[in-house]
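Nothing in this text is a laboratory measurement; each read-out follows from the coordinates by a stated rule. Source: prediction; values computed, not measured. Here Cβ is always computed from backbone atoms with ideal geometry, including for glycine, and neighbour counts include all displayed protein chains.
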Amino acid sequence: MSQIYKIASKTLPEKHIVCIGHLDHGKSTLLGRLFYDLGKIDKEVMKRVKKYARAFGHDKFDFAYLMDQMKEERARGITIDLGHKKLETKDTSITFGDAPGHHDFLRNMLVGAAESDAAILLVAVDEGIQRQTEEHLFLAKMIGLPQVIIAINKMDLVDYQKAPFEKVKKQVTTLLKKVGYFPEEIPMIPTSALKGENIAKKSKKMKWFKGPFILEAVEKLSSKKVPSDLPMRLPVQDIYMIDRKPVIIGRLLSGVLKEKDEVLVFPKKKRFEVEKLFIHNQPIKKAMPGDNLYLELKGLKKGLVKRGDLITFAKEPPVSAKKFKAQIITFGLEKNLKKNFKFNLDLNVQETPAVVQKVIRKIDTTSGATVKGRELGDNEAGEVIITTKKPVFIETQNSLPFLANFRLKLKEKVVGLGFCLEIL
Ligand code: GTP
Ligand code: MG
């Protein structure tokens with residue numbers, strides 16, 4: 001038993017933050033710097049990274065190398081995969097992802113962002129908004145990233161002056177509004193990732209700036225798993241037989257679940273009472289959104305509940321649908337997506353064959369505007385109508401984002417992300 005609980009504790013929810021933004025605007029450097037300044041990079045790693053940097057002909061040490069660990073990344077000086085690093089602060093555990101800025105690597109950026117609670121968007125002060133700045137921000141909004149922090153970076157190049165910062169800040173404010181974020185709620189921070197200004201501590205070089213530094217802003221972010229006032233949704237990930245008793249494993253997506261609650265398990269609508277709840281290896285009385293749970297239900301027999309079922313309360317029944325309108329974005333597609341495109345829809349442990357019935361419109365990924373055409377190529381976005389072979393538990397992004405986002409798969413390969421706009 002303890003063995004299994006150990007596995008569960010490894011997948012505990014945390015704050016996930018992803019760095020996004022145009023090529024070379026300093027995403028990897030910012031993260032490298034943050035970890036370095038907090039003393040999280042040990043001397044051996046530092047030595048090794050310096051050696052690599054020299055081997056690739058970069059004589060000056062580059063913080064980006066701390067994040068860019070793949071060989072090709074170091075050689076080309078760009079990020080390809082999504083590097084992850086974990087940081088434990090006083091009260092949270094934060095995992096940072098470093099997304100690639102290059103357009104070809106959009107897929108990795110999207111997969112990274114889809115798993116995140118917030119993004120740090122970097123904009124180099126000398127270049128201002130560029131294509132991938134717009135694209136990343138638009139896509140972040142589209143996949144439902146609720147929170148953003150803006151780092152206006154490379155402030156050392158403009159002598160830490162306020163005027164160039166204000167100029168770029170104005171551009172960014174316009175872009176945020178256009179994409180659908182509220183600029184008033186978003187911290188915009190002048191930084192130098194290279195020199196460590198306003199990253200892990202307050203900069204003395206930019207006294208004119210009264211806002212938070214990056215780490216401070218990150219700590220203030222709430223986790224998106226917080227909404228406990230939403231309907232309770234717990235998809236069944238797996239069932240283990242432990243001491244001949246079935247134990248359900250799953251992550252509470254929204255709502256609050258307590259011991260002795262009466263739950264309804266869909267699709268069979270079987271009623272059970274919650275007998276025991278565990279998180280880590282500890283019994284708990286009350287589970288909150290984001291908790292990975294072990295759940296024992298009174299009277300549950302083997303075979304009554306299976307992977308893909310959904311645990312809810314009778315007063316908040318789920319929506320089951322076979323047809324819906326969705327916004328999707330493709331990546332790694334080999335042939336165009338158009339009417340009758342067949343794929344596997346993967347939605348939070350539910351998987352079923354699905355078909356695109358219609359492409360309603362194609363969307364420009366840098367602005368959200370409608371563009372001509374009814375076929376989506378690679379790295380393109382659109383609004384579509386989808387039908388599924390089996391009914392799925394799905395909700396609209398406005399009502400329950402955790403059950404609105406899905407993946408499009410061909411065999412096992414993820415070729416797109418989508419979210420439900422409307423049940424039809
Ligand atoms: P991709 O992963 O390829 O999209 O790039 P990136 O956004 O991760 O940029 P990266 O951190 O690799 O930095 C690109 C270059 O900009 C490197 O040479 C950095 O040293 C430099 N750089 C990053 N931050 C700063 C900064 O604050 N000031 C200055 N002057 N240079 C910076
Ligand atoms: Mg990078």
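Suppose every Lys and Arg Cβ carries +1 and every Asp and Glu Cβ carries -1, with no other charges. What dipole size does the range 351-400 come out with about its Cα centre, to the nearest 20 debye?
About 260 debye.
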Ordered by residue, what ³J(HN,Hα) values in Hz, to whole numbers, does the range 273-278 give under the Karplus form 6.51 cos²θ - 1.76 cosθ + 1.60, where θ = phi - 60° and Gly and Pro are x?
-> 9, 6, 8, 9, 10, 10
Fraction of alpha-carbon pairs over 19 Å apart in the range 164-310 - percent = 64
Equivalent ellipsoid dimensions for the range 320-423 as semi-axes, Å, which come from the Cα gyration tensor, largest first = 20, 15, 12
Please list, in chain and number order, the residues 5+ apart from residue 153 or on another chain whose amide H is under 5 Å from its amide H, with Hs placed from the backbone.
-> 123, 124, 125, 191
Ranking of 41, 17, 423, 311 by count of other Cβ atoms within 10 Å, fewest first = 423, 41, 17, 311
In range of the label at residue 301: residues from the range 251-275 whose backbone nitrogen is under 20 Å from the point 7 Å along Cα→Cβ | 263-275
Amide H to amide H under 5 Å from residue 332: which residues, 5+ apart in sequence or cross-chain, H placed 1.01 Å off N in plane?
-> 379
Where labels lie 7 Å past Cα in the beta-carbon direction, separation of residue 51 and residue 126 in nm | 3.2
Given H placed on each backbone N at 1.01 Å, which residues far from residue 93 in sequence or on other chains put an amide H within less than 5 Å of it?
-> 15
At what distance in nm do the modelled label points of residue 184 and residue 424 sit from each other, each positioned 7 Å from its Cα along Cα→Cβ?
-> 3.8
What is the spin-label model distance, in nm, from residue 222 to residue 167 if the labels are put 7 Å beyond Cα along the C-beta direction?
-> 3.8
In Hz, Karplus ³J(HN,Hα) per residue of the range 297-309 (6.51, -1.76, 1.60; θ = phi - 60°; x = Gly, Pro) = 10, 4, x, 6, 10, 3, x, 6, 10, 9, 3, x, 5
So what are the ³J(HN,Hα) numbers for the range 159-174, from phi and the Karplus equation (6.51, -1.76, 1.60; θ = phi - 60°), rounded to whole Hz, Gly and Pro as x?
-> 6, 6, 7, 6, 4, x, 4, 4, 4, 5, 4, 5, 4, 5, 4, 4
